[in-house]
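Report on the structure given below.
Throughout, read-outs are computed from the coordinates displayed, never taken from laboratory work. All figures in this text were calculated on a predicted structure; none of them were measured in a lab. Here the Cβ positions follow ideal geometry from the backbone for every residue, glycine too, while neighbour counts run over all protein chains shown.
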Amino acid sequence: MINTVASFIDRNQLLSPDGLHLVALSGGADSVALLRVMLALGYRVEAAHCNFHLRGEESDRDELFVQNLCQKLNVNLHLIHFDTVEYAALHQVSIEMAARELRYGYFHQLRHDIGADTVCVAHHRDDAVETLLMNLLRGAGIHGLTGIRPRNDDIVRPLLGVSRQEIQHYLDVIGQDYVTDSTNLQPDVLRNKIRLQLLPLLEQLYPGASENMARSAYYLSEAEKVYNAQWGQSPLCEATDAQGRSTLPFSTLKSSPSSLCLLHEWLSPFGFNRSQIEQIANHLGGEPGRVFESPTHTLVIDREAVVVEPVSAPMKPLVIPEPGVYRIDETAKIRIEEVRVEEGISCDPNVATLDATTVRFPLTLRTVDPGDLFQPFGMEGRKLVSDFLTDRKLNLLDKRHQRVVVDATGAILWLVGLRTDHRFRVTPTTRTILRIIL
C-alpha cells in the first residue's frame with residue numbers, strides 16, 4: 001500500500017518532499033488511511049476537519065475521533081464548524097453542494113494561512129470509477145470520462161492509485177480504526193446507488209470490472225493530453241477579437257476531422273450546451289441567419305462562418321442638442337462641427353459630410369429600428385435600412401449593432417460608417433458643411 005501510493009505520488013509529481021501538506025481528515029477509512037500513509041512516507045502534514053452538523057451525534061463523534069487520532073499521532077489539527085443548512089438556504093443550493101463549497105473554501109483559505117503547499121484529499125480508485133460511470137450515464141465527452149484527476153490546482157489525491165479494498169486491508173493490517181458515515185450506506189443518491197448496487201453487480205458479471213474501468217479512465221486521460229495539445233495549437237485559440245467577438249470559418253470546420261468536436265471545444269466555454277451545439281452543427285452550410293443564445297453569448301450562423309459575441313446591454317440613444325463632442329461609451333465619442341464648404345468633403349467612412357442648412361437639431365445617435373427607411377447617397381427613392389444592410393452582406397450581429405444618426409424630424413442623416421442620406425448631401429449651393437465624426 002505504502003509503495004503503491006509513493007509510486008503514484010512520484011509518477012504524477014503531486015507532493016514536494018520538503019513542503020507542508022494539509023490533509024482533509026473526515027475520520028472515515030479513506031482519509032485516515034491517507035493520513036497514516038503520508039506519515040509513513042515521511043511527509044510533513046497537518047490535518048483539517050469540518051463539522052457540518054448534518055448528522056447530529058454522529059457529526060460530534062467524528063470530530064472527537066479525529067481529535068484523539070491527531071493527538072495520538074502528534075499531528076496538528078484544525079477544526080471548523082458550519083451551519084450547512086442555513087448556508088444552503090441562503091445561497092439556494094443543495095445540502096451536498098453547500099457542504100462542498102464550505103469545505104473547499106475553508107481548505108483553500110487554511111492552506112494559504114498556514115503556508116501549506118497542497119490540500120490532500122482521500123479520493124481513491126473506486127471513487128474515480130464511480131465518477132466515470134456517473135458522467136457516462138450523463139452523456140459526457142472525453143473530458144468527463146477521465147475519472148478524477150490526481151491534481152486540480154492545489155488539491156491533490158495521492159490515493160487514486162489504490163482501491164477501497166486495498167485501503168481497508170491496509171487499515172486492518174496496521175490495526176487502525178476509523179468511523180463510518182451512515183449516510184454512505186444508504187442507496188438514496190446516485191453515487192451511493194452506483195457504489196452499493198451497480199458496481200457489485202458489474203463485478204459479479206465481469207470480475208475485475210472496477211479495475212478495468214479505472215484503467216480505461218487512465219488511458220482516456222493520456223489521450224486527453226494529446227487531444228488538449230492538438231487543441232492548443234489550433235488557430236481557434238486566437239479567434240476572439242478585442243470586442244470579445246469570435247469567428248469560426250466554415251472552411252476550418254470542413255477541414256477538421258470532427259466538426260462537432262471542434263464546435264464543442266469552441267462553444268462550451270461560451271455557455272452553449274450539448275444539445276445546442278448539435279443543432280448548430282446540423283445547420284452549418286444551410287440558410288444563414290440562424291441565431292442561438294446561451295446565458296452569456298449570442299451565436300449567428302453566417303454565410304461563411306459561425307460568429308459568437310458576448311451578450312451586451314442594448315445601446316441607449318444619445319441625444320445631441322448642438323455641435324460639440326459627445327462620449328458614446330468608454331471607447332468611442334462623436335464630434336459634430338460646422339465648417340466652411342472650402343474645407344472639402346471627407347471620404348473617411350467614419351465621417352459624414354452634410355449640408356448644414358438641411359439638418360435640424362437635436363440629433364440622435366441610436367441603433368437601427370425595424371422599418372427604418374433612408375435614401376442612400378447617389379440613389380433615387382428610399383430603401384429599408386435592413387435591406388441595405390443585407391445587400392452589404394452584414395451578419396445579424398452587425399445588423400443589431402448598426403447605428404444611425406437621425407435629426408429632429410426623425411430623418412436618417414447617416415447610416416454610420418456606411419452611407420449618408422442623399423437628401424442631406426452637399427450640393428453646389430452649399431456654403432456650410434455639418435461634419436459628423438465618429
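Could you give the dipole magnitude of the chain about its Cα centre, charging the beta-carbon of Lys and Arg +1 and that of Asp and Glu -1, in debye to the nearest 20?
On the way: 44 positive and 55 negative charges, 270 e Å.
Here the chain has a charge dipole of around 1300 debye.
Taking every alpha carbon pair in segment 315-438, what does the distance histogram look like in 10 angstrom bins from 0, in percent?
13, 47, 33, 6
Given an 8 Å cut-off on Cα distances and at least 6 residues of separation, report the relative contact order of the chain as a percent. List each step's numbers first, then the result.
Numbers: 642 pairs, mean separation 47.9, N = 438.
Relative contact order comes out at 11 percent.
Summing -39500 (n - 2.57) over the DSSP H runs of n ≥ 4 in the chain and dividing by its residue number, what mean residue ellipticity at 222 nm do you reach, to the nearest 500 deg cm²/dmol?
Working: 15 runs with 164 residues, N = 438.
Roughly -11500 deg cm²/dmol at 222 nm, from the helical runs in the chain.
Springs between alpha-carbon pairs under 10 angstrom, Gaussian network model over the chain: which of Arg191, Arg327, Arg36 fluctuates most?
Arg327
Choose one of Val156, Thr146, Ile174: the residue whose Cα lies farthest towards the positive end of the charge dipole of segment 112-205 (beta-carbon charges +1 Lys, Arg; -1 Asp, Glu; about the Cα centre).
Thr146
Mind putting a number on the dipole of segment 350-438 about its Cα centre? Charges go on the C-beta only, +1 for Lys and Arg and -1 for Asp and Glu, and I need it in Debye to the nearest 20.
Values: 14 positive and 9 negative charges, 32 e Å.
The calculated dipole for segment 350-438 is roughly 160 debye.
Using only Cα atoms, what Kirkwood radius does segment 1-155 have, in angstroms? The partial results should precede the final answer.
Details: mean 1/r = 0.0595 Å⁻¹.
Here the Kirkwood hydrodynamic radius works out to 16.8 Å.
Give me the Kirkwood hydrodynamic radius of the chain, using the inverse of the mean 1/r over all pairs of distinct Cα atoms, in Å to one decimal. Walk me through the numbers before you get to the answer.
Working: mean 1/r = 0.0364 Å⁻¹.
One over the average 1/r among Cα pairs gives 27.5 Å for the chain.
State the antiparallel share, in %, of DSSP beta bridges confined to the chain, rounding to the nearest 5. Walk me through the numbers on the way to the answer.
Values: 45 of 60 bridges.
Of the beta bridges lying entirely in the chain, close to 75 percent run antiparallel.
Taking the dipole about the Cα centre of segment 85-204, with the C-beta of Lys and Arg at +1 and of Asp and Glu at -1, give me whichever of Leu102, Gln204, Pro187 is farthest to the positive side.
The one lying farthest along the dipole's positive direction is Gln204.
Rounded to the nearest 20 Debye, what is the dipole magnitude of segment 126-274 about its Cα centre when Lys and Arg each give +1 and Asp and Glu each give -1 at the C-beta?
580 debye
Work out, step by step, the length gained on full extension between Arg11 and Ala313: first 0.36 nm times the residue separation, then minus their alpha carbon distance; give nm to one decimal.
Details: separation 302, 0.36 × 302 = 108.72 nm, distance 4.95 nm.
Gain on stretching Arg11 to Ala313: 103.8 nm.
Can you tell me which of Ala88, Ala281, Ala122 moves the most in a GNM of the chain? Springs connect C-alpha atoms under 10 Å apart.
Ala88
In a GNM of the chain with a 10 Å cut-off on Cα contacts, which of Met315, Met213, Met134 has the highest mean-square fluctuation?
Fluctuation is largest for Met315.
Within the chain, how many Lys pairs that are eight or more residues apart, or on different chains, come under 29 Å at the alpha-carbon?
12
Which value, in Å to one decimal place, does the Kirkwood hydrodynamic radius take for segment 126-176 when every pair of different Cα atoms is included?
Details: mean 1/r = 0.0803 Å⁻¹.
Final number for the Kirkwood radius of segment 126-176 is 12.5 Å.
For segment 130-266, take every pair of Cα atoms, bin their distances at 5 Å starting from 0, and report each bin as a whole percent.
Histogram of Cα-Cα distances, whole percents per bin: 2, 7, 12, 16, 16, 14, 10, 7, 6, 5, 3, 1, 0.
If we count GluC sites (Glu not before Pro) as exposed when they sit in a DSSP loop and have at most 11 other beta carbons within 10 Å, what is the longest stretch of the chain that avoids them all? Could you put the intermediate results ahead of the total?
On the way: sites that count: Glu330, Glu380.
That gives 1-329 as the longest site-free run.
For the chain, build the charge dipole from Cβ charges (+1 Lys, Arg; -1 Asp, Glu) around the Cα centre, then report which of Thr357, Thr409, Gln165 sits farthest towards its positive end.
Final value for the positive-end residue is Thr357.
Between the alpha-carbon centers of segment 1-42 and segment 244-308, tell me the distance in whole angstrom.
Each part reduced to its Cα centre gives a spacing of 44 Å.
Where both partners of a DSSP beta bridge lie in segment 1-100, what percent of those bridges are antiparallel, to the nearest 5? Intermediate results must be reported in sequence, preceding the final value.
Working: 0 of 10 bridges.
Among the beta bridges of segment 1-100, antiparallel pairing accounts for roughly 0 percent.
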